[in-house]
Every structure is written in structure tokens, then in C-alpha cells.
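Below is one structure, written out as C-alpha cells; comments come after it.
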Amino acid sequence: MINLTDEKMDKTTKKKKKTAECCGYPISIFFIVVNEFCERFSYYGMRAVLVLYFRYFLLWDDDLATSIYHAFVALCYLTPILGAIIADSWLGKFKTIIYLSIVYAIGQVTMAISTIHDITDANRDGTPDNFTFHIALSMLGLILIALGTGGIKPCVAAFGGDQFQEHQSRQLNTFFSVFYLCINAGSLLSTLITPVLRAQECGIHTQQQCYPLAFGVPAVLMVISLVVFIAGSGMYVKTDPEGNIMWSVCKCIGFAIKNRFRHRSSSYPKREHWMDWANEKYDKLLIAQIKMVLKVLFLYIPLPMFWTLFDQKGSRWTLQATTMSGDFGAFILQPDQMQTVNPILILTLVPIMDRLIFPLIQKCGLNFSPLKRMTVGMLFAAMAFVSAALVQIEIDKTLPNFPSSSESQLKVVNTYSTTLNVTISPNEHLLIESFGSSADYVTFDHQDITVSLNTNPVITKAFSLIKGGRQTLIIPSDPTVMYLKEDVKSKPREGKNAIRFVNGYTADLNITNLDSIEPSATTNYTLVNQGKRDFVLRHGEQWCEFSRKFGFGASYTFLIPSTVFSDDCESITEVEDMKPNSVHMALQIPQYFLITTGEVMFSVTGLQFSYSQAPKNMKSVLQAGWLCTNAVGNIIVLIVAELGKLPKQWAEYLLFASLLVAVSIIFSIMAYFYTYIDPAEIEAQVRKEQGLEPEEMEKETLEMEEKDEDQKNEQGVKQTKI
Ligand SMILES: CC(C)C[C@H](N)C(=O)N1CCC[C@H]1C(=O)O
């Protein structure tokens, strides 16, 4: 018999301890949800500008930037396992959250410091001189952030759940919804704010895009998140870890497998569950707890497929948006801003579902159990992809007919003084007026062509076209030097417009933001945003200004005639190489609505389910298992992106939708055989079977705490056995 000190008494009775409440909720919850809001602001805010930092600060190419970005996101969803092990086996959730939040905040500050170009810009030219320093610092920052954000994620949700007493089960479910609302409110605000901060100019020696501010504000938010969490310290219910539970779990599973193998002969009687083969050596309670966790983890196997579709919102759907028009009249939406529709919808759909839809379904007498909700959530996500496929079919109707890999396409632009008859061997005849172009691209299934112009004398020239490419034959004022210029062969990125100029003026010209162009030359493409753009053309003292209004995703060649200054830029002609996007981005709203409805049913429910079905000492572990489904989904997206795509994007969307339907059918069958449990009840029952009265159980817990870690793992479990 050991003496129960006040402190120990508190430890054993803490679940029963009355916590301060407000409207039926523990007050400590307030600190946890505010902490989550700030943390998600910090995480998503930093993520919103990360690719741009790689691309335009570190000057990495698109492929490297996106690969490192996705690897970082996947790492953020893998580290929860580590956090959960630390919390459930060693430090407890409270201390784990504090320590890993410190790591996280240090990571954010390191990241912000790595973006200060002035640190290494000795020659003051606006670019860092020592890229290795910035890369090393930012990678260190990202690793610390991934450790921190992933590590605390399973602990915060589970720690929030721990604050509720048994009579607060309704409030507990609402907590997970509010928790999800905070995630999305934080992410929405930060994804709107950090890009604006980045667009500011700042610097000591030279003014540059303000990455230090864009990364600095998330770092400050992470520090606030930590301070808020610590501020609630006195109010939390803190459950201590019961020794190195993960090590005990691994040893117990290992023993069960070994023991089963040793007794594989049919002469040994079968046992109800393979984990029962650990009965000889391990505590029944531990075995029962492992069975509960394994049952849920098994159920999670098909779930990554949901996240595989969900995560494509940020990639494929954003690319789809770049081929659409974002002109909403009152405002213009950029393709990547379309993603903010998801958190906005979450903020509206979670309350609607919680307060209206789910109670209504219950009133109708339907049993909409958590696993049914998750299955329906998956079906909604599949429908979202069907909707995306339908939108894609509409877009495809408006897209130019790009050349296949064996074809070549050619357009002709005439800046000669008269109309020309252009013959392209063997049988293409085009009549092209001065400062005009052929109506559309001509497609060839061979590359070697001969072009003849009906000038006097006739000019003939041979060309070799690019296989799979689009080119323009530029006929300048001196047609003998006609030449080929390569054109864009896909929609310009980010919904921008690709423009270029052909100089038909007799001398060099300067155009706003472009290098000077020689007579008869053609500039390379420049990308310009949607909206009205002004250009100033200059030659010596002469200048004129012209404006054009651009839509989304078009490509133009502007032909500058020799009279450009005498008619004040009026005579510049515009050749449309690629039509602007005509399918409206609003058509993406149904797919966002469907996927977000699916997310509310799947993700919010999954969070609650993972908490409710976990034994008390493995709550964080099961949360980590849940988050791992997200990590695997992310990795699948990475692999799919690497493997390439189906020739038709709409077909790929339909393929993913069908895969998710198939997976949801498998999941519903698995769910059918799953029996919901009350882990506390099972634990109490096992203890009862072991002949332990509640008081004895508490004493025994204390005795176990007295022993050293190793003994506790090895002997503690045996000791409780009957
Ligand atoms: C992608 C949105 C900004 C956030 C999303 N709706 C969401 O809440 N989550 C996506 C993965 C799980 C969850 C999160 O915890 O961030």
C-alpha cells in the first residue's frame, strides 16, 4: 500500500476533477482553439509564398520548386507519428505541444531570416551573393517547421478532446467542428494576407519583394500561438503518459506474432484474435487497447485515396483555372485565388451541417453514423471530380488545336509593304495582306517545307519546322530575310497573357519593360496580367503610347509599322495567336462545393472518430494514424504527377472519381463489420475481469509510476495479470 500524496491523488482523479466551464464547455478549450487558429495561420501563410520564394528568391526552376514544396508538405503530415510517440510515451501532450511549438517557432524565424537578401548582398545589387547560405538556412527552417507543425498536430486535437468530461460528449463533438473552423479561418486569412505582404517592397540596401515580412508575420503568429497555449496552462486537464507505451505496444505485437508462429501446428487450439497469442506474457488491458487501435488503423487503409483527390485542388484544379476566365465583373479572381473557396465554404458548411443537416437526418430516424458520413464524404469528393471532368470537357472545346508530338504548326505574319501570296510546299496557298497574318495555324505532318513568295523576283526559302511545335514565319520589310519564330504551344501559366512585338519600324525601338528591338526583329514573349496595360514605344526623342485590355490566357503578336510615331501608335496591329479563356471560373464552384461538403463529412468526422475510438493512452497515436492517411494521399499525388497524365485531362478526372467510388465501396464494407466501441468501457471491463476494483486500479497506476521505465514496461504488465 502506498501513501497517496495530494499531487498523486490529483493525478489519479484528474478526469473526475471539475474544470471551469462556460456554456457547458471547458474554458481551457478557448486557449486551444485560439492556439490552433494562430498555428494554422502561421503554417498556411508560410506555405502560400513558399513556392514563389523557391522560384524567385532562390531562383530554382519550376520542377525543383514544386518537388521540394510537395516533399515538405508530405513531411509535415508524416512527423505527426513522431509527435504522437513523444506525447503518448514520454512527455505527455501538454509538454510535447510546448516543446515542439518552440521548435516550430524557431523554424519559422529561421525561415524568415533566410529570406533577408541583404544578409549576403555585399555588392548591393538586390540579389543574394551566397545562395548556399540562404538555401541551407531555409532548409533548416523547413525541417524544424515540419517537425513542429506535424509533431504538435495530433497532440493539439487529442489534448482538446481530453479537456472534456464524460457528461460533455455533445460538446466534444462540437469542439472538433469548431477546431476545424479555426483551422480554416486561420488558413483563409493567411492565404489572403501573406501574398499581399510579399508584394510589398522592402530592404536595407535595395528594395525587393518583401519575403521577410511574408515569412516574418507567420513566425510572429506562431510565437503568439505558443504564448496563448502557455497562458491557458493552469486550466488544462493534463493526462500523463503511461510509460513508453509505444515500445510496449511494439514488443507485445512482436511477441504475439512470434508466439503464433511457434504454435502454428493445428494441434494448438485457435484463438479468437491473433493478438490473443500475447496473452501468455502481456497484460490483457494492453492487448485490448492494441486491438482497438489496430482495428481502427486497418479501417484507415483505403482513406488516403480521399486525400489524393482532395490535394489535387491545389495542383490540377488550379491549372484548370488557368485556362478559364476569372472576370467576375465587380472583381477579378486569379487562378490560384480560387483555392480560397475551400476554407470559405468550410466556414459556412460546418455550421450548416452541424446545426441543420445532421440533426435533420437524425430527426428522420436515419442512423448517419460516423463511418457512413465518411463514406458519403468520399462519394461527394468523387462527384466533385466528375464535375471537374465536365468543366474540362467545356474548356477543351474552346482550347486551340495544339500539335501532337509528330505534327508541326505554322502561321505566317506579313510585315512587307504589300499583300503577299505565300506558297508552302507542296500545296498550301495563303493570301496575306500587309501587316496581317494567316487566319490560323496550318498543321503539317512533316517538318521540311519550302516557302515561296510572289515578290518580283520570287523568293523561295527552305525551312525545317520543330516537331510538336508551333511557329510563326515572320516576313519582314525585306522578305529575303524571312525567318521562323517559336510560339507558345500551351496556355500561358497562371492565366497570364503572352505578348510579343515585331518591329516593322526602320530603326531600333524601346518598349516599356523590354530590351530594345532591332528593325525587322521579333521580341520573345513577355507575360502580362489580365486587365488594361499601357506600353510606351520610344525611338530617340520620338515616342507614343498604346493601351490594350487583356483577358486571361491569351497570346498576341503586335505588329509595329513604320508609321508608328506619325499616327501616335494607332496603326499597331494585333495578331491573336491564342484566344483568351472563355469558360468562366465560376463553373469551378460546384466542384469546390462538392469537395468541401465531402471534406466536412470525411475530415471533421474522421477527426472525431479517431479520438472517440482510441484508448485513453493512445489518443495522439490514433490522431497521427489519421493524419498519416493525408501524408500517403499527398505522396500518391506526387507519384501520379511524376508518372504523367492520361492524354485527356477530363479522362484523368473521371479515372480518379471511379477509383474513389471503388475505394468508398471497399471502405463501406469494412465499416459494416466495424463495431463502435467505448474504449473507457472496454478498459473498465477488462480491469473488472482482472479482478481490479476502480480504487485498486488507481493504486496500481501509481505503483507503476513509481517503478523505473524498463521495469514498468516489462514487469508492470505482468504484475497486473491474473
Ligand atoms: C486546404 C485548406 C486551406 C484547409 C483544409 N480545408 C483543411 O482544413 N485541412 C486540409 C488537411 C486537413 C485540414 C488541416 O488540418 O489543415
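The values are calculated or read from the model by the stated rules, or taken from the named source; none is laboratory data. Since the structure is predicted, the reported quantities are computational estimates derived from the model, not experimental observations. Cβ atoms come from the backbone with ideal geometry, glycine included; neighbour counts cover every protein chain shown. Each accessible area value is taken on the protein alone, full model and side chains, heavy atoms only, with ligands, DNA and RNA left out. Shrake-Rupley method; radii C 1.70, N 1.55, O 1.52, S 1.80 Å.
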- Task: Give the residues of region 562-572 that are in contact with a Gly (Cβ under 9 Å, 6 or more places away or on another chain) and either open to solvent by less than 10 Å² (accessible area, probe 1.4 Å) or acidic (D, E) (or both), sorted by residue number.
- Result: V564
- Given the structure, is L52 under 21 Å from F229 (Cα atoms) and either crowded, with 23+ Cβ neighbours inside 10 Å or more than 14 Å from the ligand (Cβ to nearest atom) (or both)? no
- Message: of a type in the set (A, V, I, L, M, F, W, C), open to solvent by 60 Å² or more (accessible area, probe 1.4 Å), touching a helix residue (DSSP H, G or I) at 6+ places or on another chain (Cβ under 8 Å) and outside any loop (DSSP other than H, G, I, E, B): is that true of L379 in this structure?
- Response: yes
- Checklist (1) more than 19 Å from T191 (Cα to Cα); (2) aliphatic (A, V, I, L, M); (3) touching a residue at least 24 places away in the same chain (Cβ under 8 Å) applied to L64, failing item: (3)
- Query: Which one of V604, V600, V632, V661 is in a helix (DSSP H, G or I), within 14 Å of the ligand (Cβ to nearest atom) and open to solvent by 50 Å² or more (accessible area, probe 1.4 Å)?
  - Reply: V632
- Query: Can you name the condition, by its number, that A122 falls short on among (1) open to solvent by 30 Å² or more (accessible area, probe 1.4 Å); (2) at negative phi; (3) modelled with pLDDT of 90 or more?
  - Reply: (3)
- Query: When region 229-239 is examined, which residues are found to be open to solvent by 30 Å² or more (accessible area, probe 1.4 Å) and either modelled with pLDDT of 95 or more or within 16 Å of the ligand (Cβ to nearest atom) (or both)?
  - Reply: I230, A231
- What's the number of the condition F368 fails, among (1) within 23 Å of A389 (Cβ to Cβ); (2) surrounded by fewer than 17 Cβ atoms within 10 Å (Cβ to Cβ); (3) touching a helix residue (DSSP H, G or I) at 6+ places or on another chain (Cβ under 6 Å)? (1)
- Residues located in region 382-419, provided they are polar (S, T, N, Q), surrounded by 20 or more Cβ atoms within 10 Å (Cβ to Cβ) and under 30 Å from the mean Cα position of the chain (by Cα): S387, Q392
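Are any residues in region 155-167 under 22 Å from G107 (Cα atoms) and away from the ligand (no atom under 11 Å from the Cβ), and if so, which ones? Write out each step before concluding.
We begin by selecting, within region 155-167, every residue under 22 Å from G107 (Cα atoms); these are 155-157.
Listed by number, the list holds a single entry, C155.
For every residue, the table says whether it meets (1) within 16 Å of the ligand (Cβ to nearest atom); (2) surrounded by fewer than 18 Cβ atoms within 10 Å (Cβ to Cβ).
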{"site": "S169", "(1), (2)": "no, yes"}
{"site": "F175", "(1), (2)": "yes, no"}
{"site": "V178", "(1), (2)": "yes, no"}
{"site": "L181", "(1), (2)": "yes, no"}
{"site": "A185", "(1), (2)": "yes, no"}
{"site": "T194", "(1), (2)": "yes, no"}
{"site": "Q200", "(1), (2)": "no, yes"}
{"site": "I204", "(1), (2)": "no, yes"}
{"site": "C210", "(1), (2)": "no, no"}
- Residue tally, condition open to solvent by less than 40 Å² (accessible area, probe 1.4 Å) and in a strand (DSSP E or B), over region 438-452: 5
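Restricting attention to region 352-372, report how many residues are within 16 Å of the ligand (Cβ to nearest atom) and without any contact (Cβ under 8 Å) to a residue 60 or more places away in the chain.
Here is the first cut: in region 352-372, the ones within 16 Å of the ligand (Cβ to nearest atom) are 352-354.
Retained after the next criterion (residues that are without any contact (Cβ under 8 Å) to a residue 60 or more places away in the chain): 352.
Matching residues across region 352-372 total 1.
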- Looking for whichever is hydroxyl-bearing (S, T, Y), modelled with pLDDT of 85 or more and within 23 Å of I119 (Cβ to Cβ) here; the options are Y44, Y25, Y53, Y77. Which one fits? Y53
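Being of a type in the set (G, A, S) and over 13 Å from M46 (Cα atoms) is the filter; apply it to region 115-150 and report the residue that is farthest from the chain's Cα centre (by Cα). Before you say what the answer is, go through the steps one by one.
Going through region 115-150, the residues of a type in the set (G, A, S) turn out to be 122, 126, 136, 138, 141, 146, 148, 150.
Pick out the ones that are also over 13 Å from M46 (Cα atoms) and you get 122, 126, 136, 148, 150.
Details: A122: 36, G126: 31, A136: 24, G148: 18, G150: 14 Å.
Per the criteria, the residue is A122.
Would you say Y653 is open to solvent by less than 60 Å² (accessible area, probe 1.4 Å), not in a helix (DSSP H, G or I) and not hydrophobic (A, V, I, L, M, F, W, C)? Quick ask: steps written out before the conclusion?
Values: open to solvent by less than 60 Å² (accessible area, probe 1.4 Å): yes; not in a helix (DSSP H, G or I): no; not hydrophobic (A, V, I, L, M, F, W, C): yes.
Against the criterion (open to solvent by less than 60 Å² (accessible area, probe 1.4 Å), not in a helix (DSSP H, G or I) and not hydrophobic (A, V, I, L, M, F, W, C)), Y653 does not qualify.
Checking the condition over 30 Å from W274 (Cβ atoms) and within 16 Å of the ligand (Cβ to nearest atom), which residue from W317, W307 passes? Walk me through how you get there before you give the answer.
Working: W307 fails: over 30 Å from W274 (Cβ atoms).
Exactly one residue qualifies, and that residue is W317.
With the condition kept exactly as written, say whether any residue in region 90-112 is more than 21 Å from S190 (Cβ to Cβ), more than 15 Å from the ligand (Cβ to nearest atom) and surrounded by 23 or more Cβ atoms within 10 Å (Cβ to Cβ). Show your work before the answer.
Step one: filter region 90-112 for residues more than 21 Å from S190 (Cβ to Cβ), giving 90-96, 98-99.
Filter once more, keeping what is more than 15 Å from the ligand (Cβ to nearest atom): 90-96, 98-99.
The next check asks that each one be surrounded by 23 or more Cβ atoms within 10 Å (Cβ to Cβ); those that pass are 93, 96.
Yes - at least one qualifying residue is present in region 90-112.
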